[in-house]
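Undergrad: Sharing a structure here in structure tokens format.
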Amino acid sequence: MSFINRKALDTATDLYKWRYAFERADRLQSAFGSIATEYWGRAATGKHFEARGLMVTGASRVGKTSEIRSMLSKFNEAKEELPSGKVASAVSCILDGKMTWKDLGFRTAEALGYPVRQRRMTQSEIWSRVTFQAKEQGVVAIHFDECQHIFPTKPDQTTRALLDSFKSLMKNTDWPLMLILSGVDELAGHVEQEEQLDRLLRRVRFQNIRLPSDMSELNRVCFTYCDAVGLDFEGLATEEFLRRLAFACADRWGLVIELLIDTCLRARAEGGDCVEIKHFSTAFADRSGMQADYTPFNVPNYESKFIMNKVLLGVV
């Protein structure tokens, strides 16, 4: 028995490979390009310097992680040469729970492919290992994803130690690192507790869907993904439907794209040449656990019937 739907595989592959070119990607790349250019310029002087970084914030499932990873993938593919002759690269590190500075150091070392397991090491020793490995590999940037998770609810010594660790990486005298800290909006509040770190980070914020101003953009996203697999979206290209779609996805661009992909796969599986409301309703029902005949796509007064932040994938 095969668990892979071979008929849907080609369509799924086409959809997952496709990336819609949001304006926010240009803003992100421009911001990173700015701090990278400064990094190269200062490195060329041979003098000690502090690296800059980015703080990328926005609601969950809005698309921060995918845009950052896409950008860093392009950066790594470019194989930019540093003034020292090393080929520069960047790595990503996912932070998924409360951590001490020591845990953060271990996780960072793992992202560099150099796991450290000596629990008695000091903070200075751990970060010294991290920067040594980064220098050896030419790693000039580290992306720490879901940063808000590592901080305690109330600021304490752990908070200060974590923020100090980030600052130390950017100020390292031998190999300063550009950091990209990403997370939900509360991350900014944590970072602001360390004035020097906050000063070194350039802010980039990813917005939720805002209607009516984003109506045309939302329409283009729908047409783009449907066109990619030969499906007609014309019949649903109305303000009413687009408002329902944005509402159903809690105004998150990332969720819209995920639901669009599921919907296109369903429409293709049925052999049709267009997407219909029933495809969106069924795809939404599968994700939310609700009944397909009772979704924001097919009930009247839908805005009063659902609290989307609680319905779809536990988004908050």
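Undergrad: Out of K64, K7, report the one residue that is closer than 30 Å to G271 by Cβ and charged (D, E, K, R).
TA: Being closer than 30 Å to G271 by Cβ and charged (D, E, K, R) holds for just one of K64, K7, which is K7.
Undergrad: Give the range 126-147 a look and list any residue that's crowded, with 19+ Cβ neighbours inside 10 Å, of a type outside the set (A, V, I, L, M) and touching a strand residue (DSSP E or B) at 6+ places or on another chain (Cβ under 6 Å), or say none.
TA: H143, F144, D145, E146, C147
Undergrad: For the range 62-80, enumerate the residues that are of a type in the set (A, V, I, L, M) and either under 28 Å from A248 (Cβ atoms) or in contact with a Lys or Arg (Cβ under 8 Å, 6 or more places away or on another chain) (or both).
TA: Those that are of a type in the set (A, V, I, L, M) and either under 28 Å from A248 (Cβ atoms) or in contact with a Lys or Arg (Cβ under 8 Å, 6 or more places away or on another chain) (or both): V62, I68.
Undergrad: Continuing with this model, one more query. Condition first: farther than 27 Å from A31 by Cβ, polar (S, T, N, Q) and outside any helix (DSSP H, G or I). Can you find one or more residues in the range 79-90 that meet it?
TA: no
Undergrad: Contact list please: Cβ distance under 8 Å, first residue in the range 229-252 and in contact (Cβ under 8 Å) with a residue 12 or more places away in the chain, second residue part of a strand (DSSP E or B), pairs at least six apart or on different chains.
TA: Final answer for the pair search is L231/C274; D232/C274; F233/C274; E234/C274; G235/C274.
Undergrad: Given L211, L255, which one is touching a Lys or Arg at 6+ places or on another chain (Cβ under 7 Å) and either at positive phi or in a helix (DSSP H, G or I) (or both)?
TA: Step by step, each of L211, L255 is checked, and only L255 is touching a Lys or Arg at 6+ places or on another chain (Cβ under 7 Å) and either at positive phi or in a helix (DSSP H, G or I) (or both).
Undergrad: Would you mention how many residues in the range 214-239 are of a type outside the set (F, W, Y) and either assigned to a helix (DSSP H, G or I) or in the same structural domain as T57 (by TED's automatic domain parsing) (or both)?
TA: Going through the range 214-239 one residue at a time, the tally reaches 16.
Undergrad: Scanning for something under 30 Å from L260 (Cβ atoms), out of contact with any Pro (no Cβ under 7 Å at 6 or more places or on another chain), in contact (Cβ under 8 Å) with a residue 60 or more places away in the chain and loosely packed, with under 15 Cβ neighbours inside 10 Å, does the range 184-192 turn up at least one residue?
TA: Yes, that holds for at least one residue.
Undergrad: For I68, are the conditions met, namely being touching a residue at least 24 places away in the same chain (Cβ under 8 Å) and crowded, with 17+ Cβ neighbours inside 10 Å?
TA: Here the answer is yes, as I68 does meet what is asked.
Undergrad: Pick from the range 193-208 the residues that are in a strand (DSSP E or B) and of a type in the set (A, V, I, L, M): which of them is nearest to L231 (Cα to Cα)?
TA: Checked the range 193-208; the qualifying residue nearest to L231 (Cα to Cα) is V204.
Undergrad: Filter the range 258-316 down to residues that are under 16 Å from R243 (Cα atoms), modelled with pLDDT of 90 or more and outside any helix (DSSP H, G or I), then give me how many there are.
TA: The total comes to 8.
Undergrad: Quick one: which residue in A59, A8, A36 is more than 27 Å from I261 (Cβ to Cβ) and not polar (S, T, N, Q)?
TA: Of A59, A8, A36, the one residue that is more than 27 Å from I261 (Cβ to Cβ) and not polar (S, T, N, Q) is A36.
Undergrad: Answer yes if at least one residue in the range 170-177 is surrounded by 22 or more Cβ atoms within 10 Å (Cβ to Cβ) and of a type outside the set (S, T, Y), and no otherwise.
TA: Scanning the range 170-177 turns up at least one residue that is surrounded by 22 or more Cβ atoms within 10 Å (Cβ to Cβ) and of a type outside the set (S, T, Y).
Residues checked against (1) farther than 29 Å from N309 by Cα; (2) in a helix (DSSP H, G or I); (3) not assigned by TED's automatic domain parsing to the domain that holds V229:
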{"site": "T11", "(1), (2), (3)": "yes, yes, yes"}
{"site": "A31", "(1), (2), (3)": "yes, yes, yes"}
{"site": "Y39", "(1), (2), (3)": "yes, yes, yes"}
{"site": "R42", "(1), (2), (3)": "yes, yes, yes"}
{"site": "H48", "(1), (2), (3)": "yes, no, yes"}
{"site": "V62", "(1), (2), (3)": "no, no, yes"}
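The values are calculated or read from the model by the stated rules, or taken from the named source; none is laboratory data. This one's a predicted model, so the numbers in the text were calculated from it and none came from an experiment. Backbone-built Cβ (ideal geometry, glycine too); neighbour counts: all protein chains shown.
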